[in-house]
Amino acid sequence: MSHLPVIVGMGGVSPAGRTSGHHAFRRMIFDQLSPDEQQRTLLSLASLSGVAEQVADQQWRTPEGQLNTQALMARYQEQLLDQSLIRRIHPDWFDVQAHPATQALELKPGDQPLTFRLKRRQLPERLPLGWQVVPLSATEVEVQVNQPLKATLSLPREALVQAAGLLPTGFHPGAFYRSANHPRALQMAIFGASDLLGQSGLVWEDLAAQVKPDQIGVFASNSIGQLDQEGWGGLLQSPVTGKRTTSKQMPLGYAQMTADFINAYVLGNVGQSSGLLGACATFLYNLQAATNAIRSGRLRIALVGTADAPVTPEIIEGFRAMGALADDASLRALDGLESLSDQDYRRACRPFAHNCGFTIAESAQFVLLVDDRLAIEQGCQLLGAVPEVFANADGFKRSISAPGIGNYITLAKAAALGRSILGDRALQQRSFVHAHGTSTPKNRVTESHVLNQVAKAMGIPAWPVAAIKAYVGHSQGTAGGDQLMSALGTWATGWLPGITTATAFAEDIEASHLALSLEHQQLGQQTMDMALLNAKGFGGNNASALVLAPHVTEKMLTQRYGRQAMLRYQDQLAERVAASQAYDERALAGQFNLTYQFGEQVLEGEELIWQDQALKVPGYAQPISLDLNNPFSDMSESTE
């Protein structure tokens with residue numbers, strides 16, 4: 001019997017806002033919300049971005065003084081909407097009018113030596129050949145050079161790519177905890193994991209006490225590592241820019257540091273730690289590992305997620321040089337424009353339409369999985385379930401970045417498993433798919449063919465397709481997490497986001513069995529039984545996940561445990577929901593109390609308590625069993 005991995009918590013932050021409470025999802029379908037839902041979505045953005053903090057009922061502190069809720073909405077609604085989702089890169093990140101660039105020069109002396117002045121402290125420890133130093137004062141010298149001199153000249157230029165999916169302007173995740181010198185992605189990971197714990201309505205210590213310490217796992221990473229100044233970006237730049245290399249840049253640059261931070265500072269986890277990388281499929285790779293561990297019974301709890309912060313000049317230039325990004329020149333040519341407005345930047349990503357490249361983005365997304373028995377016993381919220389994630393490579397390739405056949409395999413297997421669990425009709429009439437949908441001309445052709453071929457083979461007449469990169473951009477390794485959160489949002493609201501940044505779909509896509517839409521589609525909250533998440537990554541990193549709806553998950557648990565167990569479950573569930581709602585109200589008020597336990601409850605080896613068949617770790621409710629069965633009993637001889 002396999003254990004069903006159940007999603008019992010979700011959290012994070014993306015260009016659409018805070019994940020918990022489905023606030024980020026509602027930002028994507030903002031025009032379809034009721035006035036009350038729109039107000040809560042805006043309040044979530046206001047508290048997240050530092051625009052407002054609640055000081056009393058219906059009273060908010062803002063940069064302009066204290067305002068009531070109605071005045072706050074009237075004053076800041078347009079700003080909050082404009083400063084979320086895909087947009088022109090804000091100076092909070094870097095100045096697109098002064099993109100950092102340098103030019104190498106070789107200066108040659110003329111009839112007279114080259115002469116310039118320096119501070120004494122700027123002199124190199126070892127003078128280059130041909131340098132003569134003349135003291136001018138206690139702090140200044142004159143340098144005369146009679147040999148050719150190599151130099152670099154700073155020549156900031158206008159950025160060639162100016163659109164990105166940025167976290168809401170004004171949101172600084174490191175401002176909510178002691179984040180000195182932490183790379184941005186790791187700050188986002190601390191925020192995202194804390195948001196998940198708050199949304200779950202669970203007390204982590206109580207949940208963890210229900211299992212052995214080694215039955216908990218953290219599966220988290222990102223696709224590129226930390227390449228900003230606080231990570232490997234600064235590490236590589238410092239020697240050539242004259243800056244000092246710090247002791248933190250090397251270790252904090254590793255991609256698996258996402259998991260390391262959560263283990264060490266959020267959960268205090270001593271169970272499994274893993275950080276898998278697979279380009280755009282990174283989130284789904286980590287989800288696959290966690291799913292397999294829970295299904296087998298090796299783990300009972302798993303925190304899964306990724307945090308990517310690739311909106312830096314260097315990474316953008318790298319993707320632009322590949323021809324992968326939608327740069328300004330291509331966007332102007334696409335629409336026949338002489339210049340781009342803010343609204344044009346907003347529409348930079350157009351999956352399955354006429355397009356010119358993807359839009360880079362940042363995001364952090366995390367989910368909490370537990371096995372089905374623990375979910376019932378602890379009264380957890382049932383947000384959905386993940387029976388399996390499939391990953392396949394492309395085989396032999398001409399270009400390492402070109403698409404191949406692996407994605408046909410992953411999506412077909414995910415669809416086939418959904419059919420096996422819930423039947424043909426559920427797959428054909430009550431499923432939807434989240435496309436990778438990068439907005440490149442190559443992707444729109446190849447992925448539409450993958451989706452259409454699977455739909456044909458499985459008898460799906462009109463498969464509803466979402467492509468949310470149109471709103472939040474391509475967050476690299478976290479893209480699958482963005483898709484998962486959107487799928488959960490559809491079951492919470494009944495809406496499937498349309499591709500509203502496009503005006504028509506391209507003629508070269510294959511969509512005879514697809515239901516692509518330029519508008520949001522109202523599907524209903526319990527009309528869709530399953531979702532398929534699709535990832536097509538550079539290098540042949542393909543993955544597809546099957547996700548079951550909350551109502552399907554509940555029916556499956558009722559089938560396994562019976563109605564009496566579910567009645568007992570409902571009694572506990574009310575407590576979890578109340579705690580989750582209380583957390584959301586605090587977050588809406590701007591009260592973010594992130595979980596960050598630096599230097600607390602640190603253990604040394606001498607403190608472990610040893611027994612013949614168990615190892616007791618102080619502070620953890622249950623011991624780690626050392627009474628392990630021999631898995632190769634048929635191959636080994638007894639020594640007794």
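Annotations for the structure displayed:
- Filtered residues of region 358-399 (kept if part of a loop (DSSP other than H, G, I, E, B), more than 20 Å from the chain's Cα centre (by Cα) and of a type outside the set (S, T, Y)): Q378, G379, C380, Q381, L382, A393, D394, G395, F396, K397, R398
- Looking only at region 75-89, and only at residues there that are assigned to a helix (DSSP H, G or I) and over 12 Å from T62 (Cβ atoms), the one that is most open to solvent (accessible area, probe 1.4 Å): E78
- A189, sole failed condition from (1) at pLDDT below 95; (2) closer than 21 Å to T258 by Cα; (3) in contact with a helix residue (DSSP H, G or I) (Cβ under 9 Å, 6 or more places away or on another chain): (1)
- Meets criteria (among the basic types (K, R) and more than 25 Å from A414 (Cβ to Cβ)) for R298: no
Residue-by-condition table, conditions (1) closer than 30 Å to G473 by Cβ; (2) at pLDDT 95 or above; (3) touching a strand residue (DSSP E or B) at 6+ places or on another chain (Cβ under 6 Å):
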position: E64; (1), (2), (3): no, no, no
position: Q77; (1), (2), (3): yes, yes, no
position: L80; (1), (2), (3): yes, yes, no
position: D92; (1), (2), (3): yes, no, no
position: H99; (1), (2), (3): yes, no, yes
position: Q147; (1), (2), (3): no, no, no
position: K150; (1), (2), (3): no, no, yes
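- Conditions (1) of a type in the set (V, I, T); (2) open to solvent by 60 Å² or more (accessible area, probe 1.4 Å); (3) over 30 Å from K150 (Cβ atoms): number failed by I262: (2)
- Residues of region 582-618 that are out of contact with any helix residue (DSSP H, G or I) (no Cβ under 6 Å at 6 or more places or on another chain), of a type outside the set (D, E, K, R), loosely packed, with under 14 Cβ neighbours inside 10 Å and farther than 18 Å from L197 by Cβ: G599, V602, L603, G605, L608, I609, W610, Q611, Q613.
- Subset of region 1-48 that is open to solvent by 10 Å² or more (accessible area, probe 1.4 Å) and not in a helix (DSSP H, G or I) - its residue that is nearest to T490 (Cα to Cα): L33
- Restricting attention to region 396-429, the residues that are open to solvent by 10 Å² or more (accessible area, probe 1.4 Å), in contact with a Gly (Cβ under 6 Å, 6 or more places away or on another chain) and farther than 21 Å from R444 by Cα total 1.
- The criterion of at least 1 residues that are without any contact (Cβ under 8 Å) to a residue 12 or more places away in the chain is met by the following strands (runs of 3 or more DSSP E) wholly inside region 116-233: 131-135.
- Verdict on Q97 being closer than 28 Å to G357 by Cα and either touching a residue at least 24 places away in the same chain (Cβ under 8 Å) or in a helix (DSSP H, G or I) (or both): yes
- Region 466-486, residues that are aliphatic (A, V, I, L, M) and touching a Phe, Trp or Tyr at 6+ places or on another chain (Cβ under 8 Å): A466, A467, A479, L484, M485
- When region 51-74 is filtered for residues that are assigned to a helix (DSSP H, G or I), surrounded by 13 or more Cβ atoms within 10 Å (Cβ to Cβ) and either of a type in the set (D, E, K, R) or without any contact (Cβ under 8 Å) to a residue 24 or more places away in the chain (or both), only A71 remains.
- Top-ranked residue in region 163-199 [being under 26 Å from A579 (Cα atoms) and hydroxyl-bearing (S, T, Y); ranked as surrounded by the fewest Cβ atoms within 10 Å (Cβ to Cβ)]: Y177
- Only listed residue being outside any strand (DSSP E or B), of a type outside the set (D, E), touching a residue at least 24 places away in the same chain (Cβ under 8 Å) and out of contact with any helix residue (DSSP H, G or I) (no Cβ under 8 Å at 6 or more places or on another chain), chosen from T553, T501, T478: T553
The values are calculated or read from the model by the stated rules, or taken from the named source; none is laboratory data. Remember, it's a predicted structure, so these values are computed and weren't measured experimentally. Reconstructed Cβ throughout: ideal geometry from the backbone, glycine too, with neighbour counts over all protein chains shown. Surface accessibility is based on the protein's heavy atoms, side chains included, excluding ligands, DNA and RNA. Shrake-Rupley method; radii C 1.70, N 1.55, O 1.52, S 1.80 Å.
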